[in-house]
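Okay, structure first, notes after.
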Amino acid sequence: MKSEIRLGIIGYGSRLSGLGDTLYGQGQGAVITCIADTDHEQVRERLQQHGIDPGTVRLYRDAAEMLDREPLDGVMVGTRCSLHARMACAVLERNLSLYLEKPVATSLDDLRMLKRAHEVSRSQVVVSFPLRLTAQVRL
């Protein structure tokens, strides 16, 4: 029997809440177990909109607390852009699989910090690169 893939989300905005539908629709056993976001009311509304019972997802305001408490297989980071690198580093430090929205960093210092964290981590990393705004797709 295949075990569930336990996912945490940091920043449950429109992009990552939309991916929830895709995850559950794949039938591959991925389950969002926890979300770190400052607006719990909006998170609950978005979960319901996507057919997810908010009572099945633990909510945190602090990402580090979530990462320290939850037994996760992977984490998806979809915060505002200026926090991407810092949140990704927190995930990489724990050697968890990482899905990271772009841009991966908004400053050269953040990019260097992220590079150092990646070099010592055993995490598998995927960076989102949606093509929906490219000239070819828009055409």
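The values are calculated or read from the model by the stated rules, or taken from the named source; none is laboratory data. All figures in this text were calculated on a predicted structure; none of them were measured in a lab. Here the Cβ is made from the backbone with ideal geometry for all residues, glycine too, and neighbour counts use every protein chain on show. What goes into the accessible areas is simple: the full protein's heavy atoms, side chains included, and nothing from ligands, DNA or RNA. Shrake-Rupley method; radii C 1.70, N 1.55, O 1.52, S 1.80 Å.
Within segment 48-64, is there a residue that is of a type in the set (A, V, I, L, M), farther than 19 Å from Pro130 by Cβ, modelled with pLDDT of 90 or more and not in a helix (DSSP H, G or I)?
Of all residues in segment 48-64, those of a type in the set (A, V, I, L, M) come to 52, 57, 59, 63-64.
Of the ones still in play, those that are also farther than 19 Å from Pro130 by Cβ are 52, 57, 59, 63-64.
This time we only want the ones that are modelled with pLDDT of 90 or more, so: 57, 59, 63-64.
Narrowing the set further to residues that are not in a helix (DSSP H, G or I) leaves 57, 59.
Yes, there is a match, as at least one residue in segment 48-64 is of a type in the set (A, V, I, L, M), farther than 19 Å from Pro130 by Cβ, modelled with pLDDT of 90 or more and not in a helix (DSSP H, G or I).
Exactly one condition in (1) in a loop (DSSP other than H, G, I, E, B); (2) open to solvent by 70 Å² or more (accessible area, probe 1.4 Å) is not met by Ala105; state its number.
(2)
Return the pair list, or none, for Cβ contacts closer than 6 Å from residues in segment 99-117 that are within 10 Å of Phe129 (Cβ to Cβ) to residues that are open to solvent by less than 40 Å² (accessible area, probe 1.4 Å) and assigned to a loop (DSSP other than H, G, I, E, B), at least 6 apart or on different chains.
Glu101/Gly78; Glu101/Ser128; Lys102/Ser128
With the requirement that a residue be free of Cβ contacts under 8 Å to residues at least 60 places away in the same chain, within 15 Å of Ser121 (Cα to Cα) and surrounded by fewer than 21 Cβ atoms within 10 Å (Cβ to Cβ), what does segment 63-88 give you?
Arg86
Is it the case that Arg46 is open to solvent by 80 Å² or more (accessible area, probe 1.4 Å), under 16 Å from the mean Cα position of the chain (by Cα) and not polar (S, T, N, Q)?
Values: open to solvent by 80 Å² or more (accessible area, probe 1.4 Å): no; under 16 Å from the mean Cα position of the chain (by Cα): yes; not polar (S, T, N, Q): yes.
Answer is no for this residue.
Can you name the residue in segment 6-31 that is at pLDDT 90 or above and part of a strand (DSSP E or B) and, of all such residues, is most open to solvent (accessible area, probe 1.4 Å)?
So, considering only residues that are at pLDDT 90 or above and part of a strand (DSSP E or B), the one most open to solvent (accessible area, probe 1.4 Å) is Arg6.
Against the condition under 14 Å from the mean Cα position of the chain (by Cα) and farther than 17 Å from Ala36 by Cβ, how does Lys115 come out, does it pass? Let's see the steps before the verdict.
Working: under 14 Å from the mean Cα position of the chain (by Cα): no; farther than 17 Å from Ala36 by Cβ: yes.
No.
Any idea which residue in segment 32-47 is farthest from Gly11 (Cα to Cα), counting only those that are modelled with pLDDT of 95 or more and not in a helix (DSSP H, G or I)?
Cys34
Would you mention how many residues in segment 74-102 are under 12 Å from the mean Cα position of the chain (by Cα), among the acidic types (Asp, Glu) and in a helix (DSSP H, G or I)?
0
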